[in-house]
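The values are calculated or read from the model by the stated rules, or taken from the named source; none is laboratory data. Note that the coordinates shown come from a computational prediction; the quantities given were computed from them, not determined experimentally. As a convention, Cβ positions derive from the backbone with ideal geometry for all residues, glycine included, and neighbour counts pool all protein chains shown. Each accessible area value is taken on the protein alone, full model and side chains, heavy atoms only, with ligands, DNA and RNA left out. Shrake-Rupley method; radii C 1.70, N 1.55, O 1.52, S 1.80 Å.
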Amino acid sequence: MSSPEIASLSWGQMKVKGCSATYKDCKVWPGGSRTWDWRETGTNHSPGVQPADLEEVVKKGVKTVVIGRGMSEALQVPPSTVDYLKKNGIDVLVLQTEKAVKEYNALAAQGVRVGGVFHSTC
């Protein structure tokens, strides 16, 4: 199963190829995607992305995770989250969301088992 292409990104809206939903924030992995609801894990801009936000994506057998920190990079990514991914043998890229989507799509197009979490506003 390949990682789905992120078809479009604009402020507050993301579309994933093959999915009819429009996401504000989303999680993607080989074979699927869904909304990233911060309330599930109590995530806020600070301290930011937690290992619990990534567990679902990690369980899909990804080799790389791309984290989109938002259009203005307001979403933090603490060292503990990066360490969690590295301890699981997963490469991690933390980027401004537009750059993150480009990098994610490039990796997906190369057939890499890539997953990601993306924040589409601030």
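How about region 47-94: which of its residues are under 10 Å from the mean Cα position of the chain (by Cα) and open to solvent by 40 Å² or more (accessible area, probe 1.4 Å)? Correct list: 69, 93, 94. Restricting attention to region 25-44, and to residues there that are small (Gly, Ala, Ser) and assigned to a strand (DSSP E or B), which single residue is most open to solvent (accessible area, probe 1.4 Å)? In this case the residue turns out to be 33.
Quick grid of which residues meet (1) touching a residue at least 60 places away in the same chain (Cβ under 8 Å); (2) touching a helix residue (DSSP H, G or I) at 6+ places or on another chain (Cβ under 6 Å); (3) more than 19 Å from residue 120 (Cα to Cα); (4) part of a loop (DSSP other than H, G, I, E, B):
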position: 46; (1), (2), (3), (4): no, no, no, yes
position: 57; (1), (2), (3), (4): yes, no, no, no
position: 60; (1), (2), (3), (4): no, no, yes, yes
position: 66; (1), (2), (3), (4): no, yes, no, no
position: 74; (1), (2), (3), (4): no, no, no, yes
position: 80; (1), (2), (3), (4): no, no, yes, no
position: 83; (1), (2), (3), (4): no, no, yes, no
position: 86; (1), (2), (3), (4): no, no, yes, no
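If you go through region 90-122 and pick out every residue that is outside any helix (DSSP H, G or I) and touching a residue at least 24 places away in the same chain (Cβ under 8 Å), you end up with 19.
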